[in-house]
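Take a look at the structure below.
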Amino acid sequence: MSGKRILVIGASRGIGLATVKAACAKGWAVTAFSRHASELDYSHQNLTKTDGDALIADDLAPALHDQDAVVLSLGVPFNLQLFTGPITLFSSATDVVLEQMQQQQVKRLVCVTGFGAGDSIDAIHPLQRLGFNLVFGRAYADKSLQEAAIKSSQLAWTIVRPGVLTNGEQKAYKILVDADSWRNGIISRANVADFVVDALDRESHIGEAPVLIN
Ligand SMILES: NC(=O)c1ccc[n+]([C@@H]2O[C@H](COP(=O)([O-])OP(=O)(O)OC[C@H]3O[C@@H](n4cnc5c(N)ncnc54)[C@H](OP(=O)(O)O)[C@@H]3O)[C@@H](O)[C@H]2O)c1
């Protein structure tokens, strides 16, 4: 097997699944990890499907063995809990992932959060921020904790902050690294996956948290 060995956490849907497909297409050895990974309606000779909960260290540890890099793309369902909380999945799972990566000396992490997490909230107009916080405030407060933990780790990290996600095809997209260029827009999950795989391939955007939009 040539190329990298990567673990994708949150691989059964969305950006995680798109990343699995893009990485398999490059010939990398990919482990798809999520609570329902074995139900994935996608197979490839380079793909291993591992059922597990990112909150449980004993689930994660064997999947991390011998990996070159981790892609973390967890999500919570769009339901009442978004409004009532508490939401702790992002920060709690990240604590487990960081601890396990440190123990197993896996040094490269690409994590998907979203535009509005961490200091990117400052790029949302105060009026729009009211609505954003009403709907996504609890989730993004936890994503901000997640980002802070990653930034204070010793890993070679990249944080990816997509705008509003679509299931559209891949097309040209913008990688907004500088804070003064950050703004909202739409972006396809396929484009986010393309960015993630490219950043791993080129070892680029280390220590950066770009916003991605079309
Ligand atoms: N929707 C938007 O417009 C938007 C915009 C910006 C950013 N984002 C963010 O982008 C990310 C990806 O979103 P998406 O819609 O592409 O994917 P998604 O449908 O939210 O998928 C989430 C993944 O997380 C896995 N997961 C959840 N809890 C888990 C756990 N405890 N252990 C292991 N795996 C777990 C799920 O698989 P299982 O259920 O099988 O475990 C699933 O594969 C999310 O963080 C989302 O908030 C979304």
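Please treat every number below as a calculation from the coordinates, not as lab data. Everything numeric in this text was worked out from a predicted model, so none of it was measured. All Cβ positions, glycine included, derive from the backbone under ideal geometry; neighbour counts span all protein chains shown.
Figures for the structure shown
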item	result
Cβ-based net charge around residue 151, under 14 Å, with every Lys or Arg adding one and every Asp or Glu removing one	-2
Lysine pair number, Cα distance threshold 17 Å (strictly under), the chain, separation 8 or more or different chains	8
Gaussian network model of the chain, springs between alpha carbon atoms under 10 Å - residue of 150, 124, 159 with greatest fluctuation	124
Whole-number D in µm² s⁻¹ for the chain, Kirkwood Cα-pair radius fed into Stokes-Einstein, 4 °C, 1.567 mPa s	75
GNM top mover of 26, 151, 171 - the chain, alpha-carbon springs below 10 Å	171
Mean residue ellipticity (222 nm) of the chain, computed from DSSP H runs ≥ 4 via -39,500 (n - 2.57), nearest 500	-12000 deg cm²/dmol
The chain - share of DSSP beta bridges that are antiparallel (%, nearest 5)	10
Sorted by Cβ neighbour density within 10 Å, fewest at the top, the residues 44, 125	125, 44
